[in-house]
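Colleague: Input: one structure, supplied below.
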Amino acid sequence: MKSRFNFKSIAFSLLAITLAGVVPVAAQQQQLDGALKTIKSTATLNLGYLESAPPFSFIGPDKRPAGYSIDLCTRVASAIQKQLDVNLKLNWVVVTPENRMSMVESGKIDIECGTTTASLSRYERVDFSLMTFVDGGSMLIRVDSTFKTTADLSGKRVAVIPGTTTQSALTRFLKEEFVNLTQVPVKDHIEGRTALEKGTVDAYASDSGILMGLAVTAPNPKLFGLAEGRFSYEPYGFMMRRNDPSFRLAVNRALATTYRSGDILAIYDRWFGSFGKPGDAIVAMYMLNGLPD
């Protein structure tokens with residue numbers, strides 16, 4: 001009696017065996033890890049923000065976080081919520097310039113939505129998203145001041161937040177320009193502006209975008225102006241914990257989509273429209289960071 005093979009049956013059997021080996025691998029690849037795993041299991045995204053860094057991050061009239069960086073982080077949260085298919089609770093946590101990095105390192109916040117400059121030394125402790133803004137160090141001054149440019153710094157009292165890239169860049173600039181002045185430490189941007197209002201300092205040093213926000217939100221905006229010139233390059237990014245590529249990719253995908261789609265222009269106009277259209281450096285930053293998916 002001849003043996004008859006059912007090639008169709010054998011083919012299906014081999015396919016079933018093959019799929020039995022492939023499906024678990026595919027499922028394993030889809031498993032979440034790092035921050036995304038925790039976010040899905042808790043249905044909570046912890047976001048850090050500064051209370052006094054307008055127009056990037058501050059407390060709005062409704063007592064909720066508001067600003068350019070807050071809007072971008074909200075976009076990121078919406079994208080992660082869609083990716084994880086979960087109704088997320090956004091837990092906004094106040095951070096300070098002094099503790100923002102440690103809050104990220106310790107896992108108390110998943111992402112810091114502020115005005116942190118991405119620097120190589122900071123990459124030793126935290127990771128950064130795609131660029132969110134590009135700025136430069138400048139001086140907030142009173143319009144009735146004789147101090148008009150960064151070349152007029154000699155002998156002045158300049159307020160600055162210790163431990164920031166602004167202070168480092170300012171110190172380096174002063175050394176290179178052989179200028180001596182007195183640095184007055186302040187705890188945050190509002191304290192720096194207040195010191196300038198009271199006349200206890202001649203200027204407040206920070207990034208120009210922050211300084212413009214401080215001016216327009218002051219009780220008397222006409223009191224302030226910006227000194228001419230810049231003394232640093234400040235590329236902003238959102239801080240995250242190191243060694244978490246899945247979460248970093250989710251954040252960067254949301255940012256790149258916002259830039260690539262052009263939606264970023266409405267966000268920019270909302271917070272910086274009164275200062276005019278975005279400059280060439282900002283436009284180039286959006287284009288270069290609008291990575292294809």
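Colleague: How high is the FRET efficiency between Thr200 and Val179 when r is their beta carbon distance and R₀ equals 22 Å, given to the nearest 0.05?
Modeller: It comes to 0.60.
Colleague: Between Leu90 and Arg260, what is the label-point separation in nm under the 7 Å Cα-to-beta-carbon projection?
Modeller: Each label point is offset 7 Å from its Cα along the Cβ direction, giving 2.3 nm.
Colleague: Can you work out the FRET efficiency for the pair Arg172 and Asn220, with r the C-beta to C-beta distance and R0 = 35 Å, to the nearest 0.05? Write out the running numbers ahead of the final one.
Modeller: Values: r = 33 Å, r/R0 = 0.94.
Plugging the Cβ-Cβ distance into 1/(1 + (r/R0)^6) gives 0.60.
Colleague: Over the chain, what is the relative contact order in whole percent, taking alpha-carbon pairs under 8 Å and six or more residues apart?
Modeller: 24
Colleague: Which option, [x] 17.5, 60; [y] 17.5, 51; [z] 24.8, 111, is the value of Rg and Dmax of the Cα atoms in Å that was calculated from these coordinates?
Modeller: Of the labelled values, this structure produces [z].
Colleague: What order do you get for 253-263, 137-147, 66-76 when each peptide is scored by the mean count of other beta carbon atoms within 10 Å, highest first?
Modeller: Packing order, densest peptide first, comes out as 66-76, 137-147, 253-263.
Colleague: So how do 87-97, 108-118 stack up, highest first, on mean other-Cβ count within 10 Å?
Modeller: So the peptides 87-97, 108-118, ranked by packing, come out 108-118, 87-97.
Colleague: Fully extended, how many nm does the chain gain between Lys37 and Lys63 (0.36 nm per residue separation, minus their Cα-Cα distance)?
Modeller: My answer for the length gained is 6.3 nm.
Colleague: Please list, in chain and number order, the residues 5+ apart from Val184 or on another chain whose amide H is under 5 Å from its amide H, with Hs placed from the backbone.
Modeller: Val158, Ala159, Val160
Colleague: Taking a probe of 1.4 Å, how large is the accessible area per residue of the chain, in Å²?
Modeller: Details: 15500 Å² over 293 residues.
I get 53 Å² per residue for the chain.
Colleague: Follow-up question, since we're still on this one. Within the chain, which whole H helices from DSSP have a Cα span along their axis of at least 20 Å and a mean Kyte-Doolittle hydropathy of 0.5 or more, if any?
Modeller: 7-29
Colleague: Once the Cβ-Cβ distance between Glu228 and Thr44 is put in as r, and R0 is 41 Å, what FRET efficiency do you end up with, to the nearest 0.05?
Modeller: 0.35
Colleague: Check Phe128: other-chain or 5+ apart residues with amide H under 5 Å from its amide H, H built from backbone geometry?
Modeller: Here Met240 satisfy the definition.
Colleague: Follow-up question, since we're still on this one. What ranking do 219-226, 98-105 get when scored by the average of other Cβ atoms within 10 Å per residue, highest first?
Modeller: Listed from highest to lowest mean packing, they are 98-105, 219-226.
The values are calculated or read from the model by the stated rules, or taken from the named source; none is laboratory data. Owing to the predicted nature of the structure, the values given are computational and were not obtained by experimental measurement. Here the Cβ is made from the backbone with ideal geometry for all residues, glycine too, and neighbour counts use every protein chain on show. Surface areas here come from the heavy atoms of the whole protein model, side chains and all, with no ligands, DNA or RNA. Shrake-Rupley method; radii C 1.70, N 1.55, O 1.52, S 1.80 Å.
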